[in-house]
Amino acid sequence: YSIGAVASRVLGVKLIGYFEGLIERIPFVQTVYSATKTLLNGLQQKPDGSARVVLIDFPHAGMKAVGLVMKVMQEAATGEDLAAVYVPTTPNPTSGYLEIVPVKDLVPTDMTMDQAMTMIVSGGAITPASLSLLRRPGTAAPPAA
């Protein structure tokens, strides 16, 4: 077991390095591979204050989609807080939509990134037993369904 573990780590790292070096030589493929790798690394990290699971109106008002807040920024002219929200697609979460949404329009949830990704990949077949919509201080409770 130990010899196999060491060999797979050493040989595996070299093979992955070789593969990535090969990919970096192909212009369009390198761009897609790099972006996908960055996204997946970001999703695997523990969320900080900005990375969280929210619901947004998508694809139109009245319909909610699970979104992952990747970054919060300010609109230059007004100073309004905007969120870069990634809306993954089912069953392949590496394809999806990037939506720029005013922070005031986000519906925070208590879902973890892992729960959200499981829900998305399973097409909604595996979901948390309950979902809490979190209130921001100074806002009314979310409307009852």
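The values are calculated or read from the model by the stated rules, or taken from the named source; none is laboratory data. Just so it is clear, the model here is predicted, and its values are computed rather than measured. All Cβ positions, glycine included, derive from the backbone under ideal geometry; neighbour counts span all protein chains shown. For the accessible areas, the whole protein counts, side chains as well, though only heavy atoms, and no ligand, DNA or RNA atoms are used. Shrake-Rupley method; radii C 1.70, N 1.55, O 1.52, S 1.80 Å.
Out of all the residues in segment 63-88, which are open to solvent by less than 40 Å² (accessible area, probe 1.4 Å) and in contact (Cβ under 8 Å) with a residue 12 or more places away in the chain? Across segment 63-88, the qualifying residues are 65, 66, 67, 68, 69, 82, 83, 84, 85, 86, 87, 88.
Going through (1) open to solvent by 70 Å² or more (accessible area, probe 1.4 Å); (2) within 19 Å of the chain's Cα centre (by Cα); (3) at pLDDT 85 or above one by one, residue 129 falls short only on (2).
Among the residues making up segment 55-95, those that are among the polar types (S, T, N, Q) and either under 14 Å from residue 117 (Cα atoms) or modelled with pLDDT under 90 (or both) are 89, 90, 92, 94, 95.
For (1) open to solvent by less than 70 Å² (accessible area, probe 1.4 Å); (2) modelled with pLDDT of 90 or more; (3) of a type outside the set (Val, Ile, Thr), each residue gets a yes or a no:
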{"site": "1", "(1), (2), (3)": "no, no, yes"}
{"site": "22", "(1), (2), (3)": "no, no, yes"}
{"site": "25", "(1), (2), (3)": "no, no, yes"}
{"site": "38", "(1), (2), (3)": "no, no, no"}
{"site": "42", "(1), (2), (3)": "yes, no, yes"}
